[in-house]
1. In the stretch 1-42, if the dipole is taken from +1 on Lys/Arg beta carbons and -1 on Asp/Glu beta carbons about the Cα centre, which of Ala5, Ile34, Gly17 is farthest to the positive end?
2. First check a/c for the stretch 69-163, with a ≥ b ≥ c the square roots of the eigenvalues of its C-alpha gyration tensor; if it is under 1.5, answer rounded, and if not, answer prolate when a/b is larger than b/c or oblate otherwise.
3. Given 10 Å bins starting at zero, what is the percent of C-alpha pairs of the stretch 117-221 in each, up to the one with the largest pair distance?
4. With the cut-off at 1.5 for a/c, could you classify the stretch 162-218 from its C-alpha gyration tensor as rounded, prolate or oblate?
5. By the gyration tensor of its Cα atoms, with a ≥ b ≥ c the square roots of the eigenvalues, what is the shape of the chain: rounded for a/c under 1.5, prolate for a/b over b/c, or oblate?
6. About the Cα centre of the stretch 94-136, what is the dipole size in debye to 20, counting +1 per Lys and Arg Cβ and -1 per Asp and Glu Cβ, all else neutral?
7. Using r as the Cβ-Cβ distance of Met180 and Phe55, and R0 as 41 Å, what FRET efficiency do you calculate, to the nearest 0.05?
8. Return one whole number: the accessible area per residue of the stretch 49-112 in Å², for a 1.4 Å probe.
Amino acid sequence: MKVRAIITGSTGMVGEGVLLECLSHPDVEQVLVINRRPYEVTHPKLKEIILADFFDLSPIQDQLVNYNACFFCLGVTSVGMKEPEYRHLTYDLTMNMAQLLCKQNSDMVFTYVSGAGTNNKGTSRSFWIRVKGKTETDLMELPFKKAYMFRPGYMQPTKGAKNTQKAYLFMSWMYPVLRMLFPKFVCTLKELGLAMIHCLTKGYDKSILEVPDIVKLAGEK
């Protein structure tokens, strides 16, 4: 299977890591990135749309057809936010795009970057866990060909990436030790990107992927 992917969040660390894997992978033939600001990279596989308002997709909806994957890497931190604002920028924004994409692409596989610690019980005292869990649950109920929820923990940045967060740059030297001590919490952005691609080309028997699942799927040949 050749992958034709839409990627959100490629001007952030996670989305950029996934994009770089897609651009270098032989099974990916086309990539569309949707950003609020230019990524400023050219590649034969790559097309970019600049969209100021992700809550209004009508200006670009005709361009969101004939894709079989969406790697949804767009997200915000809950630090400093109240629950209604975080829910709007997390749940509402994600579902707005997902609902349109599943209508226009019947064979699409949708992958969503959630986060370690997320659960679907809806009883957590932490509002970000409740919001992420609700987002996961409702995405899996949409009529995609398949929907996968990714729950990474610490992700070792991709060398040469432009958008690596400063905290990760500071911690990257600790990666070998962190991986040895916390294998259920640590992976690389390369593994995350490969696992997303393999969701299409190989499939996986779980809809929710914790770090060990991400590592396992990334390593499948």
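The values are calculated or read from the model by the stated rules, or taken from the named source; none is laboratory data. None of the values given here were measured: they were computed from a predicted structure. Every residue, glycine as well, gets a Cβ built from its backbone with ideal geometry; the counts of neighbours run over all protein chains shown. Note: areas computed on protein heavy atoms with side chains; ligands, DNA, RNA excluded. Shrake-Rupley method; radii C 1.70, N 1.55, O 1.52, S 1.80 Å.
1. Positive-most Cα among the choices belongs to Ile34.
2. Oblate is the answer for the stretch 69-163, as a/c is 1.5 or above yet b/c matches or exceeds a/b.
3. Histogramming the stretch 117-221 at 10 Å steps yields 14, 38, 37, 11, 0 percent.
4. The shape class here is oblate.
5. It comes out rounded by the Cα gyration axes.
6. 280 debye
7. 0.45
8. Normalised by residue count, the accessible surface of the stretch 49-112 is 46 Å².
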